[in-house]
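Remarks on the structure that follows.
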Amino acid sequence: MNIFHISDLHFNSDDPRGIANLSNILNCINSYKNSGDLLLVSGDIINRDFHDYQPVFQMLDTLNMPYLCATGNHDVSEALISALARFCPHHPKPLLPNKLDYICDDFPLKIITLDSFKANVPGGEISNSQFEFLIRELENTDKPIIIMIHQFTLNAGLFFFDKQNSAPWYQTFNQIIHRYQNKIKLVACGHLHNSLISHIGTVPVIASFSANWQAHLDFSPLPELKNPSRPVGFYLHRFDGKNLISFAMAL
């Protein structure tokens with residue numbers, strides 16, 4: 001099974017560079033000649049000052065595979081849920097009307113997606129009821145699991161994201177992942193506008209490149225985080241029925 005993974009599209013119709021970057025990524029993914037089974041889109045699908053999901057979904061629909069979306073801090077849960085219902089009827093439905101939490105059980109791997117959106121809070125929020133949902137789904141399956149969520153919940157060693165974007169729920173989330181590490185193959189996320197890999201126990205936590213622009217590796221405070229000169233890209237996660245191998249694909 002081949003699973004492509006993109007993040008942080010930040011789509012805006014007034015951003016030709018971002019649209020061109022996304023188009024190049026989707027063309028590259030499509031060049032893999034029917035080898036893709038699924039695309040994960042781990043949040044920030046549109047930019048905060050833009051409110052129309054239809055154009056970006058039209059671009060994603062050019063892929064020869066289904067896709068699953070997570071809510072990022074630039075998305076709004078209700079708006080994304082409404083847009084998916086209108087423009088992407090094939091997409092799994094959320095369990096609740098105001099949170100895009102859902103499961104996809106159509107593949108050899110089970111996908112669990114959590115909605116961490118909280119208005120004006122970059123680090124987001126996960127409620128106790130959402131953690132109960134996650135634990136219930138982890139308990140009630142024999143399949144290997146991928147969890148998709150927007151935020152990278154570990155210390156990234158980056159000033160902006162560690163100092164300004166962390167949130168209290170990260171610790172509870174990481175404890176749950178560690179507890180069920182024998183079942184979980186991957187935590188797929190984004191938010192960092194960098195390709196970063198760490199682990200919770202034996203579980204890889206992979207933040208995909210941004211599909212729009214990459215951030216500086218700000219090991220100390222920087223006046224400008226955005227670095228459009230660094231390459232954008234995506235991940236390809238290949239599952240052979242037992243092991244998951246992840247390829248970083250920079251463009």
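The values are calculated or read from the model by the stated rules, or taken from the named source; none is laboratory data. In this text, all values refer to a predicted model and were calculated from it rather than measured experimentally. Every residue, glycine among them, receives a Cβ derived from its backbone with ideal geometry; neighbour counts consider all protein chains shown. Ligands, DNA and RNA are stripped out before the accessible areas are found, and what is left, the full protein with its side chains, is counted by its heavy atoms. Shrake-Rupley method; radii C 1.70, N 1.55, O 1.52, S 1.80 Å.
In debye, nearest 20, what is the charge dipole magnitude of the stretch 52-121 about its Cα centre with +1 on Lys and Arg Cβ and -1 on Asp and Glu Cβ, if you could check?
That gives a dipole near 100 debye.
Across the accessible surface of the chain, with the other protein chains kept in place and a 1.4 Å probe, carbon and sulfur atoms take up 51 percent.
Rounded to the nearest 20, the Cβ-based charge dipole of the stretch 105-251 about its Cα centre (Lys and Arg +1, Asp and Glu -1) stands at 260 debye.
Beta bridges from DSSP with both residues in the chain: antiparallel share about 50 percent, rounded to the nearest 5.
Grab the Cα-Cα distance for Ser220 and Leu63, subtract it from 0.36 nm times how many residues apart they are, and report the gain in nm with one decimal.
52.6 nm
From most to least packed by mean Cβ count within 10 Å, the peptides 188-194, 201-207 give 188-194, 201-207. Proximity of backbone amide H atoms, modeled 1.01 Å from N, is registered between Phe11 and Ile46, Asn47 at under 5 Å, excluding neighbours fewer than 5 places apart on the same chain.
Each residue of the stretch 202-212 was assigned a 3J(HN,Hα) from its phi angle through the Karplus curve 6.51 cos²θ - 1.76 cosθ + 1.60 (θ = phi - 60°); the sequence is 9, 8, x, 10, 10, 8, 6, 3, 6, 7, 10 Hz, with glycine and proline shown as x. Using only side-chain charges placed at the Cβ, +1 for Lys and Arg and -1 for Asp and Glu, the dipole size of the chain relative to its Cα centre rounds to 520 debye.
Rg and Dmax over the alpha-carbon atoms of the stretch 1-152 stand at 15.1, 46 Å. A 1.4 Å probe run over the protein chains yields, for the chain, 44 Å² of accessible area per residue, whole-number rounding.
A Förster radius of 30 Å combined with the Cβ-Cβ distance from Tyr32 to Ser198 puts the calculated FRET efficiency at roughly 0.65. Electrostatic bookkeeping for Ser129 treats Lys and Arg as +1 and Asp and Glu as -1; over the other residues with beta carbon under 15 Å from its beta carbon, the sum is -2. DSSP assigns beta bridges within the stretch 83-208; of those with both partners inside it, close to 45 percent run antiparallel. Length gained on full extension, Ala85 to Lys163, computed as 0.36 nm times the residue gap minus the Cα-Cα distance: 24.5 nm.
Hey, which lysines would be in cross-link range of Lys185, C-alpha to C-alpha under 21 Å, not counting anything within fewer than 8 residues on its own chain? By straight Cα distance, Lys185 reaches Lys110, Lys143, Lys242.
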